[in-house]
Amino acid sequence: MATPADPRAAAEAASRSGPARPAPVTFDFLLKNDCAQGLTAFVINIPGPQDSAAGIANQIRFDSALQVGPDGQALVKPSASFSRRMPANGPVDSLCAAHLNAAIFADGSTFGDRRELASLISDRRSLLDGYRQIKSILETIPFRGDAARYASNLLEIPEYAPVNSMGEMALRSFKGNIASFVKYGNRSDWDGYYQGKQKWVQLQIDQLPAALAGTPGTLPGPAAR
């Protein structure tokens, strides 16, 4: 017969571990696109406490043109939905007051706050500029030896240094990738890696202008909700 556990040991272990932390409060966010056009970007504001500085508890921003990957993340097609689990940074009651603040559709038409729309377009232009700079850098380092010299001249960037634009984010990621390959990659793999980078950045440069070509217009059909 097993000896019963000493309850004093359990109490001591509990006191060392401290009180259990409460589970974070989250909410499931769902946006349904009831428009005739695909939704390529949007901003959702969820009002915060009245005494908060910004008055916004959560802001959900999404832009399919800015997603990483050869084709980006698929836009929210007509009759389709976008869902995400979010932390509830404000009173749960405020979540019911969420509203669509800005939207850009696949045909270039727009809806909502002009400042938010300008911010979305500015991010797209900044990212395109960043990719163009990456292409220019690649043209100057076709050989692994050039890449090694380039990597050795990179300034040390603190891990949590702020990123001020989408273009800067793209450049920082690219520079980190080159430095990592030079440090850990096989010399014989450089040509394939380099050509892959060239194709990838050219694809981004080819795709982003289309996301900037539309002119602001009217909302195509019922609003997204």
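Taken along the Cα-to-beta-carbon direction at a fixed 7 Å, the label points for Ser173 and Ile157 span 1.1 nm. Arg132 to Ser188: FRET efficiency via 1/(1 + (r/R0)^6), r the Cβ-Cβ distance, R0 30 Å, to the nearest 0.05? Here the calculated transfer efficiency is 0.50.
With the Kirkwood sum run over all distinct C-alpha pairs, segment 155-212 has a hydrodynamic radius of 13.3 Å.
For the pairs Lys77/Lys197; Lys135/Lys175; Lys77/Lys199, flag any whose C-alpha to C-alpha distance is greater than 22 Å.
Working: Lys77/Lys197 30 Å; Lys135/Lys175 12 Å; Lys77/Lys199 27 Å.
Among Lys77/Lys197; Lys135/Lys175; Lys77/Lys199, the Cα-Cα distance tops 22 Å for Lys77/Lys197; Lys77/Lys199.
Given a Förster distance of 22 Å, report the FRET efficiency between Ala36 and Ala213 from their Cβ-Cβ distance, rounded to the nearest 0.05. That gives a FRET efficiency of 0.70. How far apart, in nm, are the 7 Å Cα→Cβ label points at Ser122 and Gln198? Computed distance between label sites Ser122 and Gln198 equals 3.6 nm.
Can you tell me how much longer the chain between Arg85 and Asp113 gets when fully stretched, taken as 0.36 nm per residue apart minus their C-alpha distance, in nm with one decimal? Intermediate values should be presented prior to the final figure.
Working: separation 28, 0.36 × 28 = 10.08 nm, distance 2.46 nm.
Contour length minus the Cα-Cα distance gives 7.6 nm.
Every read-out reported here was derived from the displayed coordinates using simple, explicitly stated rules and does not represent laboratory data. Quick caveat, the model's predicted, so the values are computed rather than measured. As a convention, Cβ positions derive from the backbone with ideal geometry for all residues, glycine included, and neighbour counts pool all protein chains shown.
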